[in-house]
Amino acid sequence: MLIVAFGAIFFYLPVMKDSAGNVLDSSFNIFYFHMPIAIVAYLAFFVVFVSSILYLRENDSKWDMVSLSAAEVGVIFAFLVLATGSIWAKAIWGWYWVWEPRLTTSLVLFLVYVGYLMLRTALDDPLKRARLSAVFGIVAFVSVPLSFLSIRIWRSAHPLMFGGSLYGQEGGGLEGSSLLLVLLLNMLAFVMLFVSLTSFKFQNEKFERELEMTKGR
């Protein structure tokens, strides 16, 4: 699926031009990785949020394992958001980083969930670790809507993809049918990748816990 999605970027998309009619550099295509990766990072942390609530309600270790698995994968995607965003910003605006709202809140989001994983490694007692991590996972989710809505709450150099411009917050935005099709295709591919990676991490965590229980007998 990823191969098909990547192929669509390089062979299906029309030549991209800016508002002045200038042909865009091919590095612009990294946007079609950047946005789906960002959405998947948000999805991963939403899974952490929901599974943390379910753990506190049901006290079932399954939900703790789901939270951990989704968080580990989500942190990887959050890092890729920062990396691809910086590359795209350099290609479009000439700089890798500036302390503007979207970039800053994305960095905060990444660091918050790195903190979540660090908390888990700092606690030895399994039950205490699971409970505190669940509380942290619920509170930490505040950083997700904060990051997502940052460009609408504060004035930002980051573009509005729909109803805005690819270069700033004024203009036409990303609304062409070809662009949307490729974007949705890549989004589907990355969601499938997230599900696969999270499932793998979950099964691996489940196996490790069962192995520890066997050794403890």
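FYI, it's all coordinate maths here, none of it is from the lab. Treat the numbers as computed from the prediction; the structure is a model and nothing was measured. In this analysis, Cβ positions are derived from the backbone assuming ideal geometry, glycine residues included, and neighbour counts consider all displayed protein chains.
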Using the count of nearby Cβ atoms within 10 Å as a rough guide to exposure, how do 104, 214 rank from fewest to most?
214, 104
Residue 114 versus residue 214, label points 7 Å from Cα toward the beta carbon: distance in nm?
3.6 nm
Using r as the Cβ-Cβ distance of residue 100 and residue 142, and R0 as 22 Å, what FRET efficiency do you calculate, to the nearest 0.05?
0.65
Stretchable slack from residue 127 to residue 79, in nm (0.36 nm times residue separation minus alpha-carbon distance):
14.4 nm
Is the stretch 87-133 rounded, prolate or oblate when judged by the Cα gyration tensor, a ≥ b ≥ c being the square roots of its eigenvalues, rounded requiring a/c under 1.5 and prolate requiring a/b larger than b/c?
prolate
Residues other than residue 71 with Cβ under 12 Å of its Cβ, Lys/Arg counted +1 and Asp/Glu -1, net out at -1
For the stretch 22-125, the dipole about the Cα centre with charges only on Cβ (Lys and Arg +1, Asp and Glu -1), to the nearest 20 debye, works out at 300 debye
Set the Förster distance to 41 Å, then compute FRET efficiency between residue 195 and residue 153 from the Cβ-Cβ distance, nearest 0.05.
0.85
